[in-house]
Structures are given as C-alpha cells and as structure tokens.
Amino acid sequence: MSKQLPMMLLLIGLFSYAVLMGPFTSYMRDKPIEEKLGYVPSIKLLKPLSADQKELAGASLVLKVMMYFGNIVSLSHEGPVISKPPDLQGMSRLLHGAVQLDPYNMDAYYFAQGILTWDARQYKVANDLLEHGMKYRTWDWYLPYFAGFNYAYFLKDYPKAAHYYNLAGDLSGEALYKNLAGRYLQESGQTELAIAYLTGMVHTSTNGAIKQSYEIRLKAFREVRRIELAVDRFVVEQGGKPASVELLVQTRYLKPAPVDPYGGRFYLDPSGKVSTTSKFAFATKHK
Amino acid sequence: MLNIMKVTLKGIFRDRVFQGIMVLASLFLFIPSAASLSMRQVTELSITLSLSLISFILLLLAVFLGATSLWKDMERRYTFSVLSLPISRTTYLLGRFFGLALFILLTSAVLGAAACLAIKFASTIYPSERAVVWSWLALALLFATLKYILLVAVAMLLSTVSTSFFLPIFGTLCAFMASGITQQVYEYVHSPAAADAISPLAKSAVSVVYHLLPNLAGFDLKVNAIYSFAPNLAGLGITAAYFCAYTAMLLGGATLLFNRREMK
C-alpha cells in the first residue's frame, strides 16, 4: 500500500487536474469584466509594499487597465450594445495610482487622456493629471498637446489652449502646434480640429484596443463633418438652415446617409449643431 | 581570506545556484515582447522589466545566500573544521562575505549583459523618443549591486546572533522593506504638516530607527536609467561612501559578535 500510494496520488492528481482544467479555464475567461479590473489596495499601502519596484508596480497597474479596456473594446465587435458600462472610475483610480508610483509613466497619461476625456468626460481631472505629468516629463510635448486640445475642444478655454499649444510647439519644434495655437485662439473649426487630433492619435497608436477606439471616434467625427458641410451648402443654396439631417438626405445634400458607428442617430440640435443620440458612446444594457 | 572567498564561490557553483539564476535569466528572452504591450514607452518598459528582474534575482541571492551561508556551515559542522586551522574567525567571516559579494557582482555583470541585449533589441524595434544612456544604465546596475551587497552584510550580521535561518532571512527581508521607506517617514515626521500630529517622543524614536536601519532608497537609480536623466554625481559619491561606511559597520559588528559566539 505504502509503495503504491505515491503513484496513486500522482495519477489521481493528474486525472483530476485534466478534468478540472477545462471548466476552470472557462470560468476564468468568462469572469465579468468588472471582476477582471479587480481590487487594488490603496496607493498609500502599495507604495511601501512595492519597495524598490515602484516603476514596475506602476507599469503593471497601467497594463491591468489596458487589458480591461481591451476586453471592453473587443466586446464592441459583438454589436453596438455592450452588456455593462465600463468601470471608468476604477480605471481612473488605477491610472492615478500608477502615476503616484511612477510619475514619469507616459502610458498612464496617454491612456488617461483617452478615457477621462471622451468616455468619462472628466476634463478637469484629465488636465490636472496632465499638468502633474508636465512637472516630471519636462521634455515631452505630448502632454501640453493633450492639455491644449482638452482646453480648446472640451473646456472652451482658448487662451489656455493656446498657451499649451505654444508649449507643445516649443518642445517639439513643430510649427504645426504653433498654428493650432493661433487657430484655437480664433475659436473656429471645432470638428475639423477634433478630426486632426484623432487622426494623429490613430497614426501614433501602437496598442490595438486604443487604436480601434480612436478609429471608431474618428469615423463618427468624419460623419459629423460631412453633415456640417452639407448644412453649409444647404444654407448657401436654400437661404435657410435645414430642419433635420433627414431633410439633407432627402434633398441629396447628404449622400449617402450618415452612419453613427456607435449605433446612434445624428440630428441637428436647436442651435444648429450636429449631435447624435449615442453621444459618441456605445449604449449599455442596464439590468 | 582569498582561500575562503574561493571556497565560498566554489560552494555556490557546486550548489548549482548559478544554473538556477540562468534559468530565471531566460525570462530576459520574453522582455522585448512583454515591453511591446506598452503604448508609448516600449524601450522604457523593457528597461523597467530588465532592472526589476535583476533586482529580484539579486534580492533572492542576497537574502538566501547571505542568511544561510554561516548557518549551513555550522549545521554541517564545517565551521569547526575550518576554525581548527590557523584561520581567525574574522578572516573566515570576511572571506565568506567577500566571496558572496563577488558572486553577486559576477551575477549582476552577467545579467546586466543579458539586459543590455534585451533592451537593445526592444529599442531597435520600437525606438524611444529619448535615447537610452547606457552609462546611466550601468550606474543603476552598479548601485543596485552595492545595495544587495549591503543587504548580504545585514544578513550575515543577523546570522551571527541566530541559531537558525529564520531570523536572518525574515530579518533581512524586513530590513529591506523598511529601508525603502525610512527616508519618507523621516521626512514626514519632521515636516511642518506633522508638527502637531506627531509627539516629540515619536519623532525621536523615528529618528533613532532612521539612523539605525540602512537607507537603501539612495541606491535606486532606476528612474535615471529608464527615463534617461543624468544622476547627481556628487550624490552618488556620498551614496558610495555611505555604502562603505555602513557595510564596514555591519561587518565590524558581525565579526565582534561572531568572535564572542560560543560554538559547541
């Protein structure tokens, strides 16, 4: 018995393992995305716990958020409706934690700029974070470039936008940002500038999920721009504003009909601005 | 002492510690692909991962080799045979320490070379906006090595007063964890913000602990290596001097205690 026991234990263990691995892998894979972001202890605790590995701890928090976000973006493939709203607050908390552990981590600022502005609409929080980063990454023109865009496009604070675009121009040596600074001061061409910004982000993105998220938004903004141009032509030729987007389609000023990649419907708000029922975000199913 | 150093090195190689390290070092192969997950700082992430892996391996070596070296000798009754030769206890202990330090230095050099290859590969595929400054990377490695050599001295000091390996291992680990935050705690309790919240007695206690425990935060040059900042050379000079002074103090204490230790 005693001679056979180790072999029996090994065989039982191997058999049980083979039986369990399938269901266990499925269980882990199908875990709700909220659980995948998981619980992370307070940064006050993480800092001493990470000892001399603060940069690694910061990078791993950013990777955790990226994996989570990648899951959400992959769900958008299944249709314009995703099952749960993403935990934007949780992502923001982890990214703030990451820059406390490593204030130089560019991935954290880059990612925060993406989710805090377009998705969470926390423009002030995003700019505070970018300004925090500028204290450390003093050579980096991306941070003032992002802050300039946020001030101009979302917060409509043109003097500040011009200030940050000038700074981005000084740091990068690119005349383009100086030109943008001038344009923001004139408060013109908001959609066009959003398209220019998003095009730049798509070109410079190396992460698949982020790139896809920007591409979808860019597609939506290009549709908005097409509607705006049709409205302008309608005004010039008909001498008045069109009543609706549908009218533009019917009168062939807008051909083909615009499609919102977020699954919404474009409309003209009372001020004549082009809006969409999706608010440039995928709809979520609430329980 | 040279003979003890040689014996120490031979013993480590005989125990196949180096082969174990090489197995762990195979993780360097995966660093470029892991770093490619980064969106904006692939090279920087490859340096972070490389330096972290080296730090982790050196920490394991410092804690386990430093804490078990003397204990193992006594367990195997090897110490008694060696000390029956015309070798003083001081020579024996210092020989052991310098042998371990040499091994850590050697490991650091080999792992550093592997890290350079991984970083070079990652930076060739995804060039960084800021060029890698290899000399700062080498400095970061050198100071990390000094840090873990100092930790070996802590482990050996604890070994001289312990009859098992528990105190040296856990004591060294605790000293390592505490050494990274003592500076922050010391600065906080002496800041105006803490003036009312912390009692003078607690402040004095913190000051005593701060001066007693090693301050290893100064040896961390990862940020300089990762983001290519020039380190403060004068500060590094002081840190190197601190290393010499603190290690001398630890070794002095360890030899004094070891000389007085009763061996049956």
Within the set A:Thr206, A:Thr25, A:Thr277, GNM on chain A using Cα springs under 10 Å gives the largest fluctuation to A:Thr25
Among A:Leu11, A:Leu218, A:Leu20, the residue with the largest mean-square fluctuation in a Gaussian network model of chain A built from Cα contacts under 10 Å is A:Leu11
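Roughly what percent of Cα-Cα pairs across segment B:1-47 reach past 12 Å?
Cα-Cα pairs in segment B:1-47 separated by more than 12 Å: 69 percent.
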Candidate span helices, chain A: DSSP H, at least 30 Å along axis from Cα coords, Kyte-Doolittle average at least -1.0, result A:4-29, A:54-75, A:208-238
Neighbour-count ranking for B:Lys6, A:Lys47 (other C-beta within 10 angstrom, fewest to most) reads B:Lys6, A:Lys47
Distribution output for segment B:150-260: share of Cα-Cα pairs per 10 Å bin in percent, first bin at 0, values 13, 33, 33, 18, 2
Semi-axes a, b, c in Å (a largest) for segment B:37-156, each sqrt of 5 times a Cα gyration tensor eigenvalue, come to 39, 12, 10
Here the equivalent ellipsoid of chain B, derived from its Cα gyration tensor, has semi-axes (largest first, whole Å) of 34, 27, 14
Expressed as a percent, the portion of alpha-carbon pairs in chain A spaced more than 35 Å apart is 33 percent
Mean-square fluctuation maximum in Gaussian network of chain A, Cα pairs under 10 Å, restricted to A:Phe15, A:Phe234, A:Phe221, hits A:Phe15
Note, segment B:57-71: 3J(HN,Hα) by Karplus (6.51, -1.76, 1.60, θ = phi - 60°), whole Hz, Gly/Pro = x, goes 5, 5, 5, 4, 5, 4, 5, 6, 5, x, 7, 9, 4, 5, 4
Note to self: Kirkwood Rh of segment A:216-282, Cα pairs, one decimal, Å, is 11.9 Å
Under 5 Å from the placed amide H of A:Thr276, counting only residues 5+ away or on other chains, we find A:Tyr267
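Rounded to a whole number, what is D in µm²/s for segment B:84-143 from Stokes-Einstein with the Kirkwood radius over alpha-carbon pairs (25 °C, 0.890 mPa s)?
Approximately 172 µm²/s, per Stokes-Einstein.
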Semi-axes in Å, largest first, for segment B:116-215 (Cα gyration tensor, √(5λ)) are 35, 24, 10
Cβ density ranking, 10 Å radius, fewest first, applied to A:Ile195, A:Ile115 yields A:Ile195, A:Ile115
Ranked on Cβ counts within 10 Å of their own Cβ, fewest leading, A:Thr204, B:Thr163 go B:Thr163, A:Thr204
So the pair-distance distribution of the protein assembly as shown, from every Cα-Cα distance in 20 Å bins, comes to percents of 17, 40, 29, 11, 3, 0
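Each reported figure results from applying straightforward, stated rules to the coordinates on display, with no laboratory input. Just so we're clear, the structure is a prediction, and the values are computed from it rather than from any experiment. Because the Cβ atoms are built from the backbone with ideal geometry, glycine has one as well, and the counts that use them run over all protein chains shown.
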